[in-house]
Amino acid sequence: MKHKEYASGVLTGILVVTLAVGGVKFVQQRQYNGVLSDSSHVQKIEYLEKLIDQEYLGEVDNDEMAEGVYAGLVYGLGDVYSRYYTADEYAQETASTDGAYAGIGVSIQKNKNGGVQIAECYEGGPGADAGLQTGDVITAINDTDVTDMELSDVVSLIRENKDKTIVLTVFRENEEKSREISVDVTDVELPSVFGEMLDKKTGYIQITQFTGVTPQQYKDMFVELKDKGMERLVIDLRDNPGGLLTSVCDILREILPEGLIVYTEDKDGNREEETCDGKNKLNMPLAVLVNENSASASEIFAGAVQDHGVGTIVGTTTYGKGVVQELRQLSDGSAVKLTVSNYYTPNGNSINKVGIKPDVEVKLASVLLNKDEITHEEDNQLQEALNVIEN
């Protein structure tokens, strides 16, 4: 049973907590000994504010200063996985983890000479259909100059036009004049699963991230490859940074036998389990490719496959992120992500700062390390995975 706590107020050093258990709410009081319960810290903040007001040369935005205080409080934990999000940052974060958002089907980045550059244009998205290309530089949206805008503001400008058509002013490499391209802003699903048949019997599925839409993308790709004659499978999780726990567990339910997928334990020793009923157990040879950048949910995947013995893990030892974060939205639209529990593989192994050691260890050939693109034929890790499932 999942318990969630909602902080409802801080009064004279007592933290009032509403604990929801099975739909029944209880009110608990706990002694709060945090930073801001100490008057000396409050006085120091007040002094710094006055000093800035009296001496600081530049413009002061009180809202931005407040956001900095909140972010600093979480930063002070010294935990690389915990962070504070402003309302705009939270909207972007949820779009990324959900895997679906209002947009034009492109990934953008700041352009050093002004505007934003298209880093990736997703096949089948409204941007690609309208004629946008990777490398294009956008300098205006509906005649609004975005040359000096922050990336988040450009994203917001696009999204606020959902279900409308926007006109982009675009500069393309080797073209002197700009072009105007009309693009529909719609609900866009980010692709996170890619697949193909490597030969008449071998399927290959790459999962780049575990988002909210990844399980269905995986199921669709699996069916497509199965219809093409797939009798053995390679799943590639190399450089997959992880994602949603629910997402990876839903995919593993299409692979594992009946039993435990993963379990977590919080600071109070409360244990939560994710299980599989085994009704969709994979009945074909399986190899899972991992490397040092396979993290979090990718390691849950590899650990469960390894512990249940339903496939062979091939590659190099994974990143070693064995902790779970919970993202909580606050009343003003901002949010905080905190590390709340450790997770363990079905056999009770913690991989935090250790990683998953592959069953077959093979490093990517040194001559391939600096290549932008690697063919399947020269990919020695993939070739080893193929040897495993073919023999």
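A few comments on the model shown:
- Net length gained if the chain between Ser37 and Asp239 were fully extended (0.36 nm per residue, minus Cα distance): 68.4 nm
- If you wrap the Cα atoms of region 240-320 in a convex hull and average its projected area over all directions, you get 5.4 nm².
- Of Leu364, Val388, Asn347, farthest towards positive along the dipole that unit charges on Lys, Arg, Asp, Glu beta carbons give region 337-391: Asn347
- Considering region 34-85, its Cα convex hull presents a mean projected area of 4.4 nm².
- With the biggest extent put first, the Cα atoms of region 54-209 measure 71, 44, 30 Å across the principal axes.
- Alpha-carbon radius of gyration plus Dmax, which is the widest Cα pair, for region 336-388 in Å: 16.5, 45
- Computing FRET efficiency as 1/(1 + (r/R0)^6) for Tyr70 and Asn391, where r is the C-beta to C-beta distance and R0 is 56 Å, gives about 0.50.
- In the chain, the portion of solvent-accessible area held by carbon and sulfur atoms comes to 46 percent [1.4 Å probe, whole percent, DNA, RNA and ligands not counted].
- P(r) tail fraction, the chain - alpha-carbon pairs more than 37 Å apart, %: 37
- The phi torsions of region 83-91, fed into the Karplus equation with coefficients 6.51, -1.76 and 1.60 and a -60° offset, translate into couplings of 7, 9, 10, 5, 4, 5, 5, 5, 4 Hz, rounded to whole numbers, with Gly and Pro shown as x.
- Volume per residue of the convex hull around the Cα atoms, evaluated for region 177-249, comes out as 165 Å³.
- Within the chain, helix-based [θ] at 222 nm, where runs of 4 or more DSSP H residues each add -39,500 (n - 2.57), nearest 500: -8000 deg cm²/dmol
- Dipole moment magnitude, nearest 20 debye, the chain about Cα centre, only Lys, Arg, Asp, Glu C-beta charged: 1380
- Net length available on complete extension from Arg328 to Leu157 is 59.0 nm, with 0.36 nm assigned per residue and the Cα-Cα distance removed.
- Multiplying the residue separation of Asn142 and Ala102 by 0.36 nm and subtracting their alpha-carbon distance yields 12.7 nm.
- Straight Cα distances below 21 angstrom link Lys201 to the lysines Lys219, Lys226, Lys228, Lys281, with same-chain residues fewer than 8 positions distant left out.
The values are calculated or read from the model by the stated rules, or taken from the named source; none is laboratory data. Here the structure is a predicted model, which means the values were calculated and not measured. All Cβ positions, even for glycine, are placed from backbone atoms using ideal geometry, and neighbour counts span all protein chains on display. Heads up: the accessible areas ignore ligands, DNA and RNA and are worked out on the full protein's heavy atoms, side chains in. Shrake-Rupley method; radii C 1.70, N 1.55, O 1.52, S 1.80 Å.
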